[in-house]
1. Kindly indicate whether any position in region 164-176 is at pLDDT below 95 and in a helix (DSSP H, G or I).
2. With Ser136, Ser191 as the choices, which residue is at pLDDT 60 or above, in a helix (DSSP H, G or I) and open to solvent by less than 70 Å² (accessible area, probe 1.4 Å)?
3. Check region 145-154 and report whether any residue there is modelled with pLDDT under 90 and either open to solvent by 100 Å² or more (accessible area, probe 1.4 Å) or among the hydrophobic types (A, V, I, L, M, F, W, C) (or both).
4. Would you mind finding the one in Arg47, Arg108, Arg29, Arg13 that is modelled with pLDDT of 90 or more and open to solvent by 90 Å² or more (accessible area, probe 1.4 Å)?
Amino acid sequence: MLYNEFYVQRRARIMSELYELINETEKYRFKELKAAVKIEALWRMYRQRKYYLHQQWAVSVIKRVYRGYRTRKNFWKLTNMALSHQRKEFFSSAAVSIQRIYRGYYSRKYLHDFYARKKYLKYIEGKNQRRLEKMSKYQQQVFAEEQKRQEDYARMEFYKLSTNLHHLSSTKAVPGVYKTLEEVSDFGKHSLKN
């Protein structure tokens, strides 16, 4: 019986403690609810902030990696373009040098051959010498013909002038009605035939 009593007392005590705790719980219920809501809000805020910061960090990492990739790609593109341009300039200058040297060789060998030019100049010199000889002969011939023509002209002028001066010569030398000019003098014959 003791055991039942003890059990009943204990049960009453537990029930009274339970009611006290329930009352106390009811008393602080709104305060605890507010605190729980606050803790939950803070936890959610912390979790969201951590997620947001992680996302922000991930975005910055992605941006950083992409910018690095893009910059490296642009750098290699510019480097390749500069290298290509440099190679093109080098090969272009090399081609110009090769062309210049070959054109000089070709020009000296075929276009401006020294020995061929010397031979040609000798040929031209001989041709000029022959032409000068022909020209000097022609000049002498023209000069002789001109001198002869001038002499003939002077003779003709002299004859014309002297025929009009019949009062200075004898009557035998002046042609008349009965005598012709050829019979009078040899001078007139020679000049009139030419």
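The values are calculated or read from the model by the stated rules, or taken from the named source; none is laboratory data. As the structure is a computational prediction, the values presented were derived from the model and not from experiment. Accessible surface areas use protein heavy atoms only, side chains included; no ligands, DNA or RNA. Shrake-Rupley method; radii C 1.70, N 1.55, O 1.52, S 1.80 Å.
1. yes
2. Ser136
3. Yes: one or more hits.
4. Just one listed residue meets the conditions, Arg47.
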